[in-house]
């Protein structure tokens, strides 16, 4: 049983805490756990996922990763749209230089309010932007798209600063991204978690690791980003038979009959929760998989016609009961 602090002992502790905190120029590193502020979240727009992570992605680092065309950038853009709807500011670091502005608008992003970074020569510049924007409390959400596109200064150049020369592609430079990413996370992680509380959403491409017997999938960046992330979501496509379809009526020209036509309008998205340090009443355990429909037009958010179909099916079930 925990020992209760007497009143006089409590005063002594408080005095020591105040003395120590006064050494840090306006900051209070030491406080009681009950005094910690509640940190904000930003919804991803994937209803089942948000319900299991406390309403949205947490402050600090979140990673979404997987192969091509599984909805990674869509989740990022949906999160940006929800960030803006809440009156907050988002910054998109487009390292791959392929952000589709039309698609972003379709998913609800306000381009007039979105900050874009696309002119970056090497990865360290991206880290400096993240550190300074977080330190100055300028933004609420930073999307880094993607970790796989990070190319560090040492990969491109050799020699001293100011007299460096282009490095030949054939030259081997081991673990440049992993080493610099580990250093960057140490530098700016603290800036993400204080002041305005910044959410860093990192997108990563699948990279195959070839072993002697088993082929494993992972992403670039080493173990530092895996340890630093509070939430890691792996995406892939599910079964073709589970893809969302839209039914419509059409007249068969040969028979003249009215037939039902089914059109595939998306795919089944499978979201695997690989790491979850978020609080929630319905918390998703690590290893949990969510099977949610992805629509080509609206992403992980169901279009209006799909909601109408769901309401109609629910009404039929109520009538049958």
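Name the residues in the stretch 275-287 that are over 14 Å from residue 226 (Cα atoms), surrounded by 14 or more Cβ atoms within 10 Å (Cβ to Cβ) and touching a strand residue (DSSP E or B) at 6+ places or on another chain (Cβ under 9 Å), would you? 278, 283, 284 - these are the residues of the stretch 275-287 that are over 14 Å from residue 226 (Cα atoms), surrounded by 14 or more Cβ atoms within 10 Å (Cβ to Cβ) and touching a strand residue (DSSP E or B) at 6+ places or on another chain (Cβ under 9 Å). Do you know which residues across the stretch 236-290 are under 19 Å from the mean Cα position of the chain (by Cα) and not in a strand (DSSP E or B)? Of everything in the stretch 236-290, those that are under 19 Å from the mean Cα position of the chain (by Cα) and not in a strand (DSSP E or B) turn out to be 277, 278, 279, 280, 283, 284, 285, 286, 287, 288. When 238, 211 are checked against the criterion of being at negative phi and modelled with pLDDT of 90 or more, a single residue qualifies: 238.
Tell me whether the stretch 102-116 contains one or more residues that are in a loop (DSSP other than H, G, I, E, B) and loosely packed, with under 12 Cβ neighbours inside 10 Å. If you could, list the steps in order and put the result at the bottom.
Pass one, the stretch 102-116, residues in a loop (DSSP other than H, G, I, E, B): 107-114.
Remaining after also requiring loosely packed, with under 12 Cβ neighbours inside 10 Å: 111-112.
There is at least one residue in the stretch 102-116 that is in a loop (DSSP other than H, G, I, E, B) and loosely packed, with under 12 Cβ neighbours inside 10 Å.
Note on the stretch 122-140: residues that are under 18 Å from residue 183 (Cβ atoms) and in a loop (DSSP other than H, G, I, E, B) amount to 1.
Do the conditions hold for residue 216, that is, is it at pLDDT below 90, in a strand (DSSP E or B) and in contact with a strand residue (DSSP E or B) (Cβ under 7 Å, 6 or more places away or on another chain)? It is true that residue 216 is at pLDDT below 90, in a strand (DSSP E or B) and in contact with a strand residue (DSSP E or B) (Cβ under 7 Å, 6 or more places away or on another chain).
Listed here are the residues, each with its yes/no results for (1) loosely packed, with under 14 Cβ neighbours inside 10 Å; (2) on the phi < 0 side of the Ramachandran plot; (3) at pLDDT 90 or above; (4) in contact with a helix residue (DSSP H, G or I) (Cβ under 6 Å, 6 or more places away or on another chain).
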residue	(1), (2), (3), (4)
191	no, yes, yes, yes
195	yes, no, no, no
206	no, yes, no, no
222	no, no, no, yes
226	no, yes, yes, no
256	yes, no, no, no
273	no, yes, yes, no
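Here's the yes/no breakdown for (1) within 21 Å of residue 114 (Cβ to Cβ); (2) surrounded by 24 or more Cβ atoms within 10 Å (Cβ to Cβ); (3) at pLDDT 95 or above; (4) within 12 Å of the chain's Cα centre (by Cα):
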| position | (1), (2), (3), (4) |
| --- | --- |
| 64 | yes, yes, yes, yes |
| 67 | no, no, no, no |
| 77 | yes, yes, yes, yes |
| 84 | yes, no, yes, no |
| 88 | yes, no, yes, no |
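Within the stretch 219-235, the set of residues being touching a residue at least 60 places away in the same chain (Cβ under 8 Å) and assigned to a loop (DSSP other than H, G, I, E, B) comprises 219, 220, 221.
Quick check, is residue 184 in a helix (DSSP H, G or I), within 27 Å of residue 29 (Cβ to Cβ) and modelled with pLDDT of 75 or more?
On the way: in a helix (DSSP H, G or I): yes; within 27 Å of residue 29 (Cβ to Cβ): yes; modelled with pLDDT of 75 or more: yes.
For residue 184, the condition - in a helix (DSSP H, G or I), within 27 Å of residue 29 (Cβ to Cβ) and modelled with pLDDT of 75 or more - is met.
Do we find that residue 143 is surrounded by 15 or more Cβ atoms within 10 Å (Cβ to Cβ), part of a strand (DSSP E or B), at pLDDT 95 or above and in contact with a helix residue (DSSP H, G or I) (Cβ under 6 Å, 6 or more places away or on another chain) in this structure? Before you say what the answer is, go through the steps one by one.
Numbers: surrounded by 15 or more Cβ atoms within 10 Å (Cβ to Cβ): yes; part of a strand (DSSP E or B): yes; at pLDDT 95 or above: yes; in contact with a helix residue (DSSP H, G or I) (Cβ under 6 Å, 6 or more places away or on another chain): yes.
Against the criterion (surrounded by 15 or more Cβ atoms within 10 Å (Cβ to Cβ), part of a strand (DSSP E or B), at pLDDT 95 or above and in contact with a helix residue (DSSP H, G or I) (Cβ under 6 Å, 6 or more places away or on another chain)), residue 143 qualifies.
So for the stretch 80-91 (the condition being free of Cβ contacts under 8 Å to residues at least 24 places away in the same chain, out of contact with any strand residue (DSSP E or B) (no Cβ under 6 Å at 6 or more places or on another chain) and at positive phi), does at least one residue qualify? Yes, the stretch 80-91 contains at least one residue that is free of Cβ contacts under 8 Å to residues at least 24 places away in the same chain, out of contact with any strand residue (DSSP E or B) (no Cβ under 6 Å at 6 or more places or on another chain) and at positive phi.
The values are calculated or read from the model by the stated rules, or taken from the named source; none is laboratory data. All values reported here derive from a predicted model rather than from experimental measurement. Here the Cβ is made from the backbone with ideal geometry for all residues, glycine too, and neighbour counts use every protein chain on show.
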